[in-house]
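Chemist: The following block contains the structure, expressed as structure tokens.
The values are calculated or read from the model by the stated rules, or taken from the named source; none is laboratory data. Quick caveat: nothing in here was measured; it's all calculated off a predicted structure. Cβ coordinates were reconstructed from backbone atoms using ideal geometry, including for glycine residues, and neighbour counts include every protein chain displayed. We work out accessible area using only protein heavy atoms, side chains counted, and drop any ligands, DNA or RNA first. Shrake-Rupley method; radii C 1.70, N 1.55, O 1.52, S 1.80 Å.
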Amino acid sequence: MKPIYKRILLKLSGEGLMGDKSFGMSAEIIENLARQIKAVHDAGVEVCVVVGGGNIFRGAKEASKGMNRTVADHVGMLATVMNALYIQNALEKNGTSARVLSGLNIPEVCEHYVYRRALRHLEKGRVVIFAAGTGNPYFTTDTGAALRASEMQCDVLLKATQVDGVYDSDPKTNPQAVRYDTVSYDEVIEKQLKVMDIAAIALARENNIPVVVFAQSGKDALEKVVSGKGNFTVIKKEV
């Protein structure tokens, strides 16, 4: 492996942790992710992680059914904390030091997010896992990932999804969909390409952080994308 980045933020979807289950976490999936994160970390890359909670609870979905949006989003944030703790445990089992920093203050469970504390953990060679999004309702974990990537001055935001990049239409329903190798932030917004919410894309654009969208599944997917290999789409300022 020859990494092309020094500091990355890896955005994982909660759904990507389920494997073939309909709910919850797959121990096999999480262990495989932890193995790849360790390999990237051991290669000298500083690693930040943001994980969603859709495998347990989706706040926006429940709010659409009539649940109070603020309450629903808080429950969704707690789901991301659960996922973050699972990933931390898997990393510690394979000998990788990791810390969970939460946007919600839950001192008995994990550390509260403080900018300088997070930087200090990275300087000490630890993987930093950010949970509970921004700590505020009405913001997605994608926006939380763009925010933390900006604060940590990451070289790139790596967004792991169920497909191998950004397409001009949904490849699951349109077999003729075309994948972009590169696409601009503005084009993602103007064409309403369903990859990240507008706030996240705008924040990445403002801080000039490229977003690389790749498929989480597949052998050594993270190691490949960190080395600039495999199929993926790069979202950046100019194409």
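Chemist: What's the number of the condition R7 fails, among (1) charged (D, E, K, R); (2) within 19 Å of the chain's Cα centre (by Cα); (3) open to solvent by 60 Å² or more (accessible area, probe 1.4 Å); (4) modelled with pLDDT of 95 or more?
Modeler: Among (1) charged (D, E, K, R); (2) within 19 Å of the chain's Cα centre (by Cα); (3) open to solvent by 60 Å² or more (accessible area, probe 1.4 Å); (4) modelled with pLDDT of 95 or more, R7 violates only (3).
Chemist: Residues of the stretch 142-161 being closer than 25 Å to K219 by Cα and either modelled with pLDDT under 95 or among the aliphatic types (A, V, I, L, M) (or both), which ones?
Modeler: Residues satisfying the conditions are A145, V156, L157, L158, A160, T161.
Chemist: Let me ask another. Given the options Q36, Q88, name the one that is buried (at least 18 other Cβ atoms within 10 Å of the Cβ), polar (S, T, N, Q), in contact with a helix residue (DSSP H, G or I) (Cβ under 8 Å, 6 or more places away or on another chain) and part of a helix (DSSP H, G or I).
Modeler: Step by step, each of Q36, Q88 is checked, and only Q36 is buried (at least 18 other Cβ atoms within 10 Å of the Cβ), polar (S, T, N, Q), in contact with a helix residue (DSSP H, G or I) (Cβ under 8 Å, 6 or more places away or on another chain) and part of a helix (DSSP H, G or I).
Chemist: Now for a separate question. Cβ-Cβ below 9 Å, separation at least six or inter-chain, first residue in the stretch 108-131 and touching a residue at least 24 places away in the same chain (Cβ under 8 Å), second open to solvent by 70 Å² or more (accessible area, probe 1.4 Å) and aromatic (F, W, Y): which pairs?
Modeler: Matching pairs, first to second residue: none at all.
Chemist: Given the criteria more than 16 Å from the chain's Cα centre (by Cα) and modelled with pLDDT of 95 or more, does V234 qualify?
Modeler: no
Chemist: Examine the stretch 102-123 for a residue that is touching a His at 6+ places or on another chain (Cβ under 6 Å), open to solvent by 50 Å² or more (accessible area, probe 1.4 Å), part of a strand (DSSP E or B) and modelled with pLDDT of 95 or more, and state whether such a residue exists.
Modeler: For the stretch 102-123, residues touching a His at 6+ places or on another chain (Cβ under 6 Å), open to solvent by 50 Å² or more (accessible area, probe 1.4 Å), part of a strand (DSSP E or B) and modelled with pLDDT of 95 or more: absent.
Chemist: Mind checking which pairs have a first residue in the stretch 188-199 that is closer than 16 Å to F214 by Cα and a second that is open to solvent by 20 Å² or more (accessible area, probe 1.4 Å) and of a type in the set (F, W, Y), Cβ under 8 Å, 6 or more apart or different chains?
Modeler: Close Cβ pairs (under 8 Å, with a partner that is open to solvent by 20 Å² or more (accessible area, probe 1.4 Å) and of a type in the set (F, W, Y)) amount to L193/Y167.
Chemist: Could I ask something else about it? Going through the stretch 197-231 one residue at a time, which ones are within 12 Å of L157 (Cβ to Cβ), open to solvent by 20 Å² or more (accessible area, probe 1.4 Å) and hydrophobic (A, V, I, L, M, F, W, C)?
Modeler: L203
Chemist: With respect to G24, determine if the residue is open to solvent by less than 20 Å² (accessible area, probe 1.4 Å), over 14 Å from Q88 (Cα atoms) and either of a type in the set (K, R) or not in a helix (DSSP H, G or I) (or both).
Modeler: Considered against the rule, which asks whether it is open to solvent by less than 20 Å² (accessible area, probe 1.4 Å), over 14 Å from Q88 (Cα atoms) and either of a type in the set (K, R) or not in a helix (DSSP H, G or I) (or both), G24 comes out as yes.
Chemist: Something else: Here is a check on your reading of the model: is V45 in contact with a Lys or Arg (Cβ under 9 Å, 6 or more places away or on another chain), within 21 Å of V213 (Cβ to Cβ) and modelled with pLDDT of 95 or more?
Modeler: Taking the combined requirement at face value, the residue satisfies it.
Chemist: Further question: Among what's in the stretch 137-158 and is open to solvent by 50 Å² or more (accessible area, probe 1.4 Å) and not charged (D, E, K, R), pick the residue that is farthest from G103 (Cα to Cα).
Modeler: So, considering only residues that are open to solvent by 50 Å² or more (accessible area, probe 1.4 Å) and not charged (D, E, K, R), the one farthest from G103 (Cα to Cα) is Q153.
Chemist: Moving to a separate point now. Looking only at the stretch 43-69, how many residues end up being open to solvent by 50 Å² or more (accessible area, probe 1.4 Å), of a type outside the set (D, E, K, R) and closer than 16 Å to T134 by Cα?
Modeler: Total meeting the criteria: 1.
Chemist: Another question, then. Read through the list (1) assigned to a helix (DSSP H, G or I); (2) without any contact (Cβ under 8 Å) to a residue 24 or more places away in the chain; (3) of a type in the set (G, A, S), then give the number of the only condition that A60 fails.
Modeler: Of the numbered conditions (1) assigned to a helix (DSSP H, G or I); (2) without any contact (Cβ under 8 Å) to a residue 24 or more places away in the chain; (3) of a type in the set (G, A, S), the odd one out for A60 is (2).
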